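A.B. asks: One structure coming up, written as structure tokens, with questions to follow.
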Amino acid sequence: MTRADMQAHPTPRRIGGRTALAGVIGWPVAHSRSPLMHNFWLAQYGIDGAYVPLPVRPGAFDVAVRGLQAAGFRGTNVTIPHKEAAFRIVDRLDRSARRSGSVNTLVFAPDGAIEGYSTDGDGFVANVEAHGIAVTGGRALLLGAGGAARAIAASLLDRGVAVTIANRTAARAHELADAMRADAEAGAMVDVAPWDGLGTVLPGCGMLVNTTSVGMHGGPPGDLPVDLALATPALVVCDIVYVPRQTALLRTAAARGLRCVDGLGMLIHQARLGFRKWFGTDPVIGPEVEALLDADLRGEES
Ligand SMILES: NC(=O)c1ccc[n+]([C@@H]2O[C@H](COP(=O)([O-])OP(=O)(O)OC[C@H]3O[C@@H](n4cnc5c(N)ncnc54)[C@H](OP(=O)(O)O)[C@@H]3O)[C@@H](O)[C@H]2O)c1
């Protein structure tokens with residue numbers, strides 16, 4: 001076949017009756033990098049599968065999920081604004097989801113049950129560990145008390161890391177601390193510090209984690225109330241914002257010679273469980289998928 005013939009008759013991607021289907025439900029969802037990531041892994045492993053964005057309006061979540069399940073999907077990721085609705089619809093909640101109070105991964109089990117998982121916390125920890133940093137013991141200062149903070153706090157506490165929470169809205173920090181304390185295993189290893197009083201807290205911490213949207217491209221203006229001059233040289237500075245990868249916090253930390261972990265790896269690691277459950281292969285997280293997402297995200301920053 002000549003080049004002209006191929007252009008006239010391109011080979012279609014084969015989607016058949018056995019193709020395993022999954023996707024990401026959100027509103028909006030067009031910005032999601034999950035399709036790029038999962039379809040990369042599907043191609044890398046030669047798996048007969050497809051992963052699609054699923055724009056679902058608020059209020060239409062339940063009917064969409066039941067429909068996808070009835071249509072033979074293996075499951076979905078769930079993003080804003082549906083994570084709490086996903087928590088409510090599941091028949092079986094994984095411990096990670098119970099602790100996080102939300103679900104970002106649905107699995108349609110063969111027995112007809114809908115299983116719910118929260119993978120953000122373990123994705124965060126796996127990414128830090130992938131940087132050669134042990135996540136065990138010590139104290140972490142967590143900035144923020146939103147959905148991501150809750151998942152990360154639970155995973156850190158599970159690994160024996162004490163957590164100090166500071167949030168612009170103090171009441172939400174206390175709510176999060178109370179939710180964590182309610183879990184017997186977390187015990188009293190969680191406390192709250194005032195947003196404007198972190199100068200005495202930071203020197204006692206081995207890890208600082210920004211889980212707020214401060215620093216995000218298009219996010220709220222302003223600075224985080226931490227003075228890295230007060231940190232010990234051993235402090236690990238993590239930012240879960242991934243657009244841009246090098247936030248102002250991470251730039252300042254790097255200039256001080258502190259170890260830094262950006263948010264892109266968390267995005268990749270949190271995707272792993274869903275891929276394994278839906279497509280039956282545990283994807284190895286290599287530099288290729290990171291480079292692919294990095295290039296794509298740079299387009300958004302410019
Ligand atoms: N890397 C990843 O895989 C990953 C995964 C999940 C989320 N993220 C990122 O993490 C960030 C938070 O996500 P989320 O789902 O937890 O959001 P969320 O539930 O809406 O929480 C937002 C948090 O940011 C704080 N915040 C917002 N504006 C602020 C400001 N101007 N000054 C100080 N604090 C402010 C909020 O504080 P108040 O309570 O005072 O409003 C709250 O603690 C987003 O940038 C998101 O993209 C990354």
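A.B. asks: Find the residue count for the stretch 191-210, including only residues that are free of Cβ contacts under 8 Å to residues at least 40 places away in the same chain and of a type outside the set (S, T, N, Q). Break it down into steps so the answer makes sense when it comes.
C.D. replies: Here is the first cut: in the stretch 191-210, the residues free of Cβ contacts under 8 Å to residues at least 40 places away in the same chain are 191-192, 194-197, 199-200, 203.
From what is left, the residues that are of a type outside the set (S, T, N, Q) are 191-192, 194-197, 199, 203.
The number of residues fulfilling the criteria is 8.
A.B. asks: Now for a separate question. Evaluate the following for Ile152: is it open to solvent by less than 10 Å² (accessible area, probe 1.4 Å) and under 20 Å from Gly263 (Cα atoms)?
C.D. replies: Details: open to solvent by less than 10 Å² (accessible area, probe 1.4 Å): yes; under 20 Å from Gly263 (Cα atoms): yes.
Yes.
A.B. asks: In addition: Within the stretch 258-282, how many residues are open to solvent by 60 Å² or more (accessible area, probe 1.4 Å) and assigned by TED's automatic domain parsing to the domain that holds Gly206? Working first, answer last.
C.D. replies: Of the residues in the stretch 258-282, the ones open to solvent by 60 Å² or more (accessible area, probe 1.4 Å) are 259, 272, 276-277, 280, 282.
Okay, now just the ones that are also assigned by TED's automatic domain parsing to the domain that holds Gly206, so 259.
Here the count works out to 1.
A.B. asks: For residues that are more than 16 Å from the ligand (Cβ to nearest atom) and surrounded by 17 or more Cβ atoms within 10 Å (Cβ to Cβ), scanning just the stretch 212-235, find the one that is nearest to Ser32 (Cα to Cα).
C.D. replies: This residue is Leu235.
A.B. asks: For the stretch 7-43, what are the residues that are open to solvent by less than 10 Å² (accessible area, probe 1.4 Å) and touching a Lys or Arg at 6+ places or on another chain (Cβ under 7 Å)?
C.D. replies: Ala20, Ala22, listed by residue number.
A.B. asks: Among (1) of a type outside the set (D, E, K, R); (2) surrounded by fewer than 23 Cβ atoms within 10 Å (Cβ to Cβ); (3) farther than 16 Å from Ser34 by Cβ; (4) within 16 Å of the ligand (Cβ to nearest atom), where does Thr247 come up short?
C.D. replies: (2) is the only condition that Thr247 fails.
A.B. asks: List pairs: first in the stretch 211-224 and farther than 22 Å from Leu198 by Cα, second near the ligand (Cβ under 6 Å from one of its atoms), Cβ under 7 Å, 6+ apart or cross-chain?
C.D. replies: Gly219/Ser213
A.B. asks: If I ask for residues that are β-branched (Val, Ile, Thr) and within 14 Å of the ligand (Cβ to nearest atom), which ones from the stretch 121-162 would you list? Before the answer, list the steps.
C.D. replies: Step one: of the stretch 121-162, the residues β-branched (Val, Ile, Thr) are 125, 128, 133, 135-136, 152, 161.
Across the stretch 121-162, the qualifying residues are Val125, Val128, Ile152.
A.B. asks: For Gln270, which of the numbered conditions (1) away from the ligand (no atom under 14 Å from the Cβ); (2) in contact (Cβ under 8 Å) with a residue 40 or more places away in the chain fails to hold?
C.D. replies: (1)
A.B. asks: For Pro81, only one of the following conditions fails: (1) more than 22 Å from Val261 (Cβ to Cβ); (2) over 15 Å from the mean Cα position of the chain (by Cα); (3) within 11 Å of the ligand (Cβ to nearest atom). What is its number?
C.D. replies: (2)
A.B. asks: Can you tell me how many residues within the stretch 283-302 are without any contact (Cβ under 8 Å) to a residue 60 or more places away in the chain and either within 15 Å of the ligand (Cβ to nearest atom) or open to solvent by less than 70 Å² (accessible area, probe 1.4 Å) (or both)?
C.D. replies: Step one: filter the stretch 283-302 for residues without any contact (Cβ under 8 Å) to a residue 60 or more places away in the chain, giving 284, 286-287, 290-291, 294-295, 298-299, 302.
From what's left, either within 15 Å of the ligand (Cβ to nearest atom) or open to solvent by less than 70 Å² (accessible area, probe 1.4 Å) (or both): 286, 290-291, 294-295, 299.
Total satisfying the criteria: 6.
The values are calculated or read from the model by the stated rules, or taken from the named source; none is laboratory data. The shown structure was predicted, so the numbers you read here are calculated from the model rather than taken from an experiment. Virtual Cβ from ideal backbone geometry, glycine too; neighbours counted across all protein chains shown. Only protein heavy atoms, including side chains, enter the accessible area calculation; ligands, DNA and RNA are left aside. Shrake-Rupley method; radii C 1.70, N 1.55, O 1.52, S 1.80 Å.
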